[in-house]
Amino acid sequence: MSDGLVFRETLYPGVQVQYSCDDILYQDRSEHQDLVLFANPVFGKVLMLDGVTQVTTADEFIYHEMMAHVPILAHGEAREVLIIGGGDCGMAEEALKHKGIERLTQVEIDDAVVEFSKEHFADFNATVFQDDRFDLVIADGARYVAETDRRFDVVMVDSTDPMGPGAVLFTPEFYRGVHHCLKPGGVLVTQNGVPFLQKGELVSSIGHFSKIYRDAYAYVAAIPTYFGGHMALGWASDNPALRRQPLDVLEQRFEAAGIDTRYYTPEVHQAAFALPRFIRDAVAEGRKGA
């Protein structure tokens, strides 16, 4: 037990968020980042990298469901999927629930995070490592998309915030690399922070998207771990119709997929693109600056 110990979130200037710690389950410094896993009475297991919360066992399903099922069901015919980052493999677990996916490639820079997650997050990712469709590549994601000759229907960027090794995944060069490896009509989704506290991150990404893709937008999810209101998930595609799928189409695809969810529904999918005004204004600012 770690009586009285707390871990503080270091992401937001001027705001302090802290978690009480029942027990430190793991702590280490990998080649790329500081990693700590601890037990919290509300959020269960909490993983922090370089002082920033990445995933908790209590609410991981919200982020992973919304980042995986929204683009896959909007696309409707995804066969080849690419995940950049996502070392806890929760995103892969959700995506692989779709039987139509023929191969899911995950490119993670830090093999230590994946090995760690196999042990500590097996309650939600164990099926990933038993699935023959799962292809794990330990490499730099930005270099991978720039150099690969493979093409994907959906690309999900499950990254840390734009600092340290994750910073390159928020650059125009990276987004052009993703565009290079997307099939015609494919879709990119990204983690773009909490706009109330990180507006600049969303504005910047939308600005980059707008110079490369025909459709640049965002959708939102309410994730308790990510303090400050709605989390924004970036959306980019050369097919503007994908984010405007009718509800009956989404319902049919969801029913055909036969998957169980705890947050995602076709109604939530459609509503997630109805942005609060201040987030919509940030998207508009990004597009204007493109």
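The values are calculated or read from the model by the stated rules, or taken from the named source; none is laboratory data. On a predicted model such as this, the values are computed, not experimentally measured, just so you know. Methodologically, a virtual Cβ is constructed for each residue, glycine included, from the backbone with ideal geometry; neighbour enumeration extends over all protein chains shown.
For region 84-98, does any single residue satisfy the condition of being modelled with pLDDT of 95 or more, of a type outside the set (Ser, Thr, Tyr) and part of a strand (DSSP E or B)?
Taking every residue of region 84-98 in turn, at least one turns out to be modelled with pLDDT of 95 or more, of a type outside the set (Ser, Thr, Tyr) and part of a strand (DSSP E or B).
Out of the residues in region 39-51 that are surrounded by 18 or more Cβ atoms within 10 Å (Cβ to Cβ) and assigned to a strand (DSSP E or B), which is modelled with the lowest pLDDT? Please lay out each step first, then the result.
Pass one, region 39-51, residues surrounded by 18 or more Cβ atoms within 10 Å (Cβ to Cβ): 39-40, 43, 45-50.
With the extra rule that they be assigned to a strand (DSSP E or B), the set shrinks to 39-40, 45-49.
Numbers: Ala39: 95, Asn40: 95, Lys45: 95, Val46: 94, Leu47: 91, Met48: 89, Leu49: 83.
Per the stated criteria, the residue is Leu49.
From the list Arg29, Arg79, exactly one residue is among the basic types (Lys, Arg) and within 30 Å of Gly185 (Cα to Cα). Which is it?
Testing whether each residue is among the basic types (Lys, Arg) and within 30 Å of Gly185 (Cα to Cα) leaves just Arg79.
Applying the selection to region 240-256, what residues are buried (at least 16 other Cβ atoms within 10 Å of the Cβ) and in contact (Cβ under 8 Å) with a residue 24 or more places away in the chain? Show your work before the answer.
Of all residues in region 240-256, those buried (at least 16 other Cβ atoms within 10 Å of the Cβ) come to 242-243, 245, 250-251, 253-254.
Within region 240-256, Leu242, Arg243, Gln245, Leu250, Arg253, Phe254 qualify.
Out of all the residues in region 53-69, is one or more part of a loop (DSSP other than H, G, I, E, B), in contact with a Lys or Arg (Cβ under 9 Å, 6 or more places away or on another chain) and hydroxyl-bearing (Ser, Thr, Tyr)? Break it down into steps so the answer makes sense when it comes.
So the first thing to find is which residues in region 53-69 are part of a loop (DSSP other than H, G, I, E, B), and the list is 57-59.
Next cut, in contact with a Lys or Arg (Cβ under 9 Å, 6 or more places away or on another chain) only: 57-58.
With the extra rule that they be hydroxyl-bearing (Ser, Thr, Tyr), the set shrinks to 57.
Taking every residue of region 53-69 in turn, at least one turns out to be part of a loop (DSSP other than H, G, I, E, B), in contact with a Lys or Arg (Cβ under 9 Å, 6 or more places away or on another chain) and hydroxyl-bearing (Ser, Thr, Tyr).
Pairs only if they're at least six apart or on different chains, beta carbon under 8 angstrom, first in region 48-59 and more than 10 Å from Val36 (Cβ to Cβ), second surrounded by fewer than 22 Cβ atoms within 10 Å (Cβ to Cβ) and of a type in the set (Asp, Glu); list them, first residue then second.
Between residues of region 48-59 that are more than 10 Å from Val36 (Cβ to Cβ) and residues that are surrounded by fewer than 22 Cβ atoms within 10 Å (Cβ to Cβ) and of a type in the set (Asp, Glu), the close pairs are Val52/Glu9; Val52/Asp161; Thr53/Glu9; Thr57/Asp123.
Do you know which residues across region 113-165 are closer than 20 Å to Glu80 by Cβ and basic (Lys, Arg)?
Once the filter is applied, which keeps residues that are closer than 20 Å to Glu80 by Cβ and basic (Lys, Arg), region 113-165 yields Arg133, Arg143, Arg150, Arg151.
Pick out the one residue from Asp22, Asp88, Asp34 that is farther than 22 Å from Arg243 by Cα and crowded, with 18+ Cβ neighbours inside 10 Å. Step through it out loud before you land on a result.
Values: Asp22 fails: crowded, with 18+ Cβ neighbours inside 10 Å; Asp34 fails: crowded, with 18+ Cβ neighbours inside 10 Å.
Within the list Asp22, Asp88, Asp34, the selection yields Asp88.
I need the helices (runs of 4 or more DSSP H) fully contained in region 235-290, keeping only those with at least 1 residues that are in the same structural domain as His69 (by TED's automatic domain parsing) and in contact with a Gly (Cβ under 9 Å, 6 or more places away or on another chain).
On the way: elements: 247-257, 266-271, 277-289.
Ranges flagged: 247-257, 277-289.
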